[in-house]
Amino acid sequence: KKQFMRMASASCTTFASSEGSSSSSGLGPFSSLFGGGSSLAQLACGLESFLLGESGVGNLIDESRDRVAPTTTPSANWLVAKGPKAMQRPIIFNQRSFEEFKALSARADDVLVAGYPRCGTSWVHAMCFFLLRSDAEGQLECDPSKTVGGRGPVYCESRSSARWNVESVATQSSPRLLTTHARPANWPEVGRVVIATRDPRDALVSTFFRIREIAEEMRSFENVDGRIATCAKACASQTLEQVYEDFNDDGSTEHVLSVLMHDEDLAPPAKPNTRFYADFLTWHAEALGVGVRSRSHRVVAYEDIHDDPHAVAADLAAFLDIPATSRKIDRCVEFAAFSSVLARGDAALRKGVVGDHKIYLTKEHWDAMARKTILAFHTHPPMRPLVKRLARDSPAAVPTRLRDALLPSVADDRRDRDHHHHHHHHH
């Protein structure tokens, strides 16, 4: 790939002036960057079929992977970050596409899936896609690889893939499935929302590995756009410590580790976090506040999908008012597991792990995050399982006044876990 990209950019100089006669319709991602009729565009066409296979969907451009890839929109329309700030903003931002998504006129049966980056959004999306697009027995009524959303979410705020964009999302057949990482103020006016959430400690570690992955992906087309080369370099040099700082930066002046010194409620940040996705706690406070105020909603935890995907799928079917046989639920779980493996690429084994964070950084780092999260969410019922898990993992981090409520005796805890296993709480 790199060799080809070098050839392509070298030939820019050779072919820039000579005009070929290739038609500019149906241009792929590279050709469109090089403009319609030039011989360079023809070269780029060859490059595309080499890299992407005839279908135009290969490793570089693959909706299934939410990959960073050149699109049919020339990269000039993108805002490319100089470097990552954990996942507090898209690394590539598509302003026009985002504005259109936000302004979609809602249909009564639209379903929105929203999740903070690296919190299982694609997994929840895949389950909803399957439930909405299959019959009662779980036979899909479409070919997922040819259907918008069938190979993973289309994030309109970020780069679009070669194939799907905000127009294809808007023109889906009903019920439409809309998926986003955006903050609730930027959600379309949709009546039903499924919110994907995850233990922020695991989301942070996943963010670190995803940024490393993005660096690799961007390298394969950094010659197309100098800003991409700059960003790729910044992504490649991220350390886990840096990602920890960035992930937890909510705009307050205090360092996240300093919460271990305080046992009381946290002062609100000096200035509100105005970044596009913001930090995990800000995003969730908004999602569980204004986000659900005028919408019917479900909150789905990554850990629950991991432990009992069938219960989650059945619960989602009930929420979406979809009659589902046990066969349909089985197939839904199978489809989502397959999709999430696709979406996670080869790093699948690394990523599907719960509690994986413990082998990274220090106990102080995780205790500080646990305390901050407990203080933020101990009064939110949907976050109760997360708060209890954090308390169990980091008892020292539990603020004094919440100890009795959150640190029950071991026997209680075991009973509670068994109960959870058999019945699954519904909120």
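The values are calculated or read from the model by the stated rules, or taken from the named source; none is laboratory data. What you are looking at is a predicted structure, and each value in this text was computed from that prediction instead of being measured. Cβ sites come from the backbone with ideal geometry, for glycine too, and all protein chains shown count toward neighbours. Accessible surface is based on the protein model in full, side chains and every heavy atom, while ligands, DNA and RNA are left aside. Shrake-Rupley method; radii C 1.70, N 1.55, O 1.52, S 1.80 Å.
Observations on the model:
- Most to least packed among 312-318, 285-291 [average Cβ atoms within 10 Å]: 312-318, 285-291
- In this structure, residue 135 and residue 167 have a Cβ-Cβ separation that, at R0 = 45 Å, corresponds to a calculated FRET efficiency of about 0.95.
- Going by accessible surface with a 1.4 Å probe and the largest first, 127, 87 read 87, 127.
- Highest to lowest packing among 238-251, 188-201, scored as the average C-beta count within 10 Å: 188-201, 238-251
- Evaluated at q = 0.18, 0.19, 0.21 Å⁻¹, the base-10 log of the normalised Debye intensity for the range 105-225, with identical point scatterers placed on the Cα atoms, takes the values -1.04, -1.13, -1.28.
- Cα gyration tensor shape of the range 208-322, rounded if a/c is under 1.5, else prolate or oblate by comparing a/b with b/c: oblate
- Label positions at residue 258 and residue 380, each projected 7 Å from the Cα along the C-beta direction, are separated by 2.4 nm.
- Among 206-216, 259-269, the peptide with the highest mean count of other Cβ atoms within 10 Å heads the list, and the full ranking is 206-216, 259-269.
- Mean-position separation - Cα centroids, the range 292-316 and the range 162-238, in angstrom: 21
- Approximate spin-label separation residue 358-residue 174, in nm, with each point projected 7 Å along Cα-to-Cβ: 4.9
- Between residue 142 and residue 212, the C-beta separation translates, for a Förster distance of 22 Å, into a calculated FRET efficiency of about 0.05.
- Cα gyration tensor shape of the range 277-328, rounded if a/c is under 1.5, else prolate or oblate by comparing a/b with b/c: oblate
- Whether the range 181-222 is rounded, prolate or oblate, judged on the alpha carbon gyration tensor where a/c under 1.5 counts as rounded: oblate
- Rounded accessible area of residue 205 (nearest 10 Å², 1.4 Å probe): 0
- Rounded to the nearest 10 square angstrom, residue 237 shows an accessible area of 80 square angstrom against a 1.4 Å probe.
- Estimated FRET transfer efficiency (residue 294, residue 82; beta-carbon r; R0 45 Å; 0.05): 0.75
- Label point of residue 322 set 7 angstrom out along Cα-Cβ; within the range 96-120, amide nitrogens under 20 Å from it belong to 107-115, 120.
- Å² of accessible area per residue within the range 288-334, as computed with a 1.4 Å probe and no ligands counted: 46
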